[in-house]
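Below is one structure, written out as structure tokens; the observations come after it.
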Amino acid sequence: MALARLPAVQREAIVLHDVEGFSVEEVAAMQKVTGSAVKSRLSRGRDRLRRYYLRRGWVEGAVGITGPRRARDGSGMPRLATSPGPGTSGEEV
């Protein structure tokens, strides 16, 4: 997993802030550092994750890393991998 490859302080900041939902100030108190240090750790950690996924074929979109590149069929649109979910037939969209 990409998150496990991050330095511990960056991984902890990302998990606490982005996954658990703590504010920058709360993470700073937990890590006993300044809010600026937390923001730096978040930025550097996210940048490492972004580069990790881009090297593995994920596409960076307007809202961040959006998903793996898909082979194109004759329509010029990416093929979508689908899986049946609640209320769906599992057909390609």
Long-range amide H partners of Trp58 with built H, under 5 Å: Arg69
What order do you get for 37-50, 18-31 when each peptide is scored by the mean count of other beta carbon atoms within 10 Å, highest first? 37-50, 18-31
Report the net charge of residues surrounding Ala28, where surrounding means a beta-carbon distance below 13 angstrom and charges are Lys +1, Arg +1, Asp -1, Glu -1. 0
Surrounding charge for Ser40, neighbours by C-beta under 12 angstrom, Lys/Arg +1, Asp/Glu -1, total +3
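Rule-based calculations on the coordinates, nothing more; no lab input. The structure presented is a predicted model; accordingly, all values stated were derived computationally and were not measured. Glycine gets a Cβ as well: all are built from the backbone with ideal geometry, and neighbour counts include every protein chain shown.
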